[in-house]
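Student: The structure follows.
The values are calculated or read from the model by the stated rules, or taken from the named source; none is laboratory data. The model shown is predicted, which means the values in this text are computed figures rather than measured ones. Glycine also receives a Cβ, built like all others from the backbone with ideal geometry; neighbour counts cover every protein chain displayed. Keep in mind that these areas ignore ligands, DNA and RNA; they rest on the heavy atoms of the full protein, side chains included. Shrake-Rupley method; radii C 1.70, N 1.55, O 1.52, S 1.80 Å.
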Amino acid sequence: MSQRQIIQVFEQYQKSRMQFVQTVADLAARPQNIEILQNAGVMSLLRPLMLDSVPGIQQTAALALGRLADHSDSLAEAVVREDILPQLVLSLASQNRFYKKAAAFVLRAVAKHSPELAQAVLACGGVDALVLCLEEFDPGPEMALKRIAASTLSDISKHSPELAQTVVDNGAIAHLAQMILSPDAKLKRQVFSALSQISKHSVSLAEMVIEAEVFPAAVACLKDPDEYVRKNVTTLMREVVIVNCGGMAAVIDFLGESSGNLRLPGIMMLGYVAAHSENLAMAVILSKVLISLVIPLHEPCNSSTTSRSRVPQLALCMSEEHEHHIKAAIAWSIGQIGHHSSEHAKAVATSNLLSKLLELYMEASSSEDLQAKSKKALKSILQKCTYLPGLEPLLYDARRLFVTSGGLKKLQEIEAEPGSPLQDHINNINSCFPEEIVRYYSPGYSEVLLERLERYQPA
């Protein structure tokens, strides 16, 4: 056999390995193939190819493993059992950036499923290696590597305060903070997501994020052209409850410029701020946020009859703002704003929000959660509201509802002793209705009418 023929044997073997990993990677991208691949023992076959001498085979084998692990926690556990994580972490420190990207993708696919799997990534030194990936410098592939590294740190941090603390202890916050002003929108999405997942667990972790001086640069990103960057910034602001650095005004602008689920973190952030104290709730009121909140609660506006000054808020009248979970979030935030004192309640009442909350509560098509949040908000605000002009529309609706629901009739059926506190309360409620209406629903009134009918003599 000639030298050329011998070399061809090795070349064919290399082509076969490459064809195998490419085919498996393609098959793993389709959910219907996953179980078949798993039953065929694909994990143990891919493991040695992670150490292949050909970089392209290594990268594609890692991509296939990542797609498999991403599919389910059982497959991610199989990656851990095959002892693949240590060599992935080792490769993050020594291999080329393209392979690092694939290796980081596998770590993310494993860590995202559960605290236990995230702990497995941590135990083999994964967090430290991922933080080092954030330091990579190359205007091309490094952006993709940094995106996956930041995304993986986000998925690790989300599970528990302990895991988030480990990410912080490895110096991740400082590196993430440096990338806030990156021109790469996809990277910024992951950066703000990671900072949010770290901040959400405790005040001390949120303070560490603030101390990294991510604000006011993060607030400036509320003007970013990418809608998901803006959404993740508001999520971060919600977690750390920022009201300085121009944050409140920026969130108001964000509410006017966004739509649908993208607005949800901003709405929730304002509720968190308002719930914190009376002063912060008043700061929310003074920022005129109630105007922004009231628009999506109402039906779409007619642009020909809407004043020019409210044109920026027309985006809030899109169809997405009629989703019940968004309305429920708005109702919750309104309750947090208005429940502190009579002044806070007055601000809500003068914005005509009380009658809208009642309408949402009584609307048969409203979801159970929307009805519950509307009722709770309405009740908490009414307990503090002393502004009668703001209550009048609500009283009209309430009186009508009290009559049509049978409440007034039931009230007349209560037997109370004359002069008792109960009788006084009944009299006070009856005084809110015309006398003939009260008589109509009183027990025995129908018999009185029939008796009058019998005595009646037509002319």
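Student: Given 20 °C and 1.002 mPa s, compute D for the chain with the Stokes-Einstein relation, Rh being the Kirkwood radius over Cα pairs; round to the nearest whole µm²/s.
Tutor: 81
Student: If you average the C-alpha positions of the stretch 399-459 and of the stretch 77-100 separately, how far apart do those two centres end up, in angstrom?
Tutor: 80
Student: Next question. Restricting things to alpha carbons, find the Rg to Rh ratio for the stretch 408-455 using the Kirkwood radius for Rh. Provide the component values of the computation, followed by the final result.
Tutor: Numbers: Rg = 12.2 Å, Rh = 11.7 Å.
Reported Rg/Rh, Kirkwood definition of Rh: 1.05.
Student: OK, next. Magnitude of the Cβ-charge dipole of the stretch 312-459, K/R +1 and D/E -1, about the Cα centre, nearest 20 debye? Present the calculation step by step, with values, prior to reporting the outcome.
Tutor: Working: 15 positive and 19 negative charges, 59 e Å.
Dipole about the Cα centre, nearest 20: 280 debye.
Student: Quick one: dipole size for the chain, taken about the Cα centre, charges +1 on Lys/Arg Cβ and -1 on Asp/Glu Cβ, in debye to the nearest 20. Mind showing how you got there, number by number?
Tutor: On the way: 42 positive and 49 negative charges, 184 e Å.
Dipole of the chain, to the nearest 20 debye: 880 debye.
Student: Now a separate question. Can you give me the Cα centroid spacing of the stretch 345-365 and the stretch 101-166 in angstrom?
Tutor: Each part's Cα centre sits 45 Å from the other's.
Student: Give me the dipole magnitude in Debye, nearest 20, for the stretch 408-455 about the Cα centre, with unit charges on the beta carbon: positive for Lys and Arg, negative for Asp and Glu.
Tutor: On the way: 5 positive and 9 negative charges, 34 e Å.
Dipole of the stretch 408-455, to the nearest 20 debye: 160 debye.
Student: Enter the accessible area per residue of the chain (Å², integer; probe 1.4 Å; all protein chains in place). If you can, show how the numbers build up before the last one.
Tutor: Details: 23300 Å² over 459 residues.
Roughly 51 Å² per residue, with all protein chains present.
Student: Quick check on the chain: helices-only [θ] at 222 nm, where DSSP H runs of length 4 and up contribute -39,500 (n - 2.57) each and the sum goes over total residues. Nearest 500, please.
Tutor: -21500 deg cm²/dmol
Student: Continuing with the same structure: Which order, highest average first, do 429-438, 66-75, 382-391 follow once you tally other Cβ atoms within 10 Å for each residue and take the mean per peptide?
Tutor: 66-75, 382-391, 429-438
Student: Still on this model: Convert each backbone phi in the stretch 176-184 into a coupling constant with the Karplus relation 6.51 cos²θ - 1.76 cosθ + 1.60 (shift: θ = phi - 60°), then list the ³J(HN,Hα) values in order as whole Hz, x for Gly and Pro.
Tutor: 5, 4, 5, 9, 4, 9, 4, x, 8
Student: Still on this structure, I have one more. Restricting to DSSP loop positions (anything but H, G, I, E, B) with no more than 10 other Cβ atoms inside 10 Å of their own Cβ, which GluC sites (Glu not before Pro) remain in the stretch 9-110? Spell out each step's value before the answer.
Tutor: Numbers: sites: E11, E35, E77, E82; in loops: E82.
Sites meeting the loop and neighbour criteria: none at all.
Student: Where Rh is the Kirkwood radius over the Cα pairs of the stretch 69-127, the temperature 20 °C and the viscosity 1.002 mPa s, what D in µm²/s does Stokes-Einstein return?
Tutor: Value of D from the Cα-based Kirkwood radius: 193 µm²/s.
Student: Let me ask something else. Putting +1 on Lys and Arg Cβ atoms and -1 on Asp and Glu Cβ atoms, find which of A174, A150, I267 reaches farthest to the positive end of the dipole of the stretch 138-279.
Tutor: Comparing the listed Cα positions along the dipole, I267 ranks first.
Student: Using a cut-off of 17 Å between alpha-carbon atoms, which lysines can reach K100, once sequence neighbours fewer than 8 places away in the same chain are excluded?
Tutor: K146
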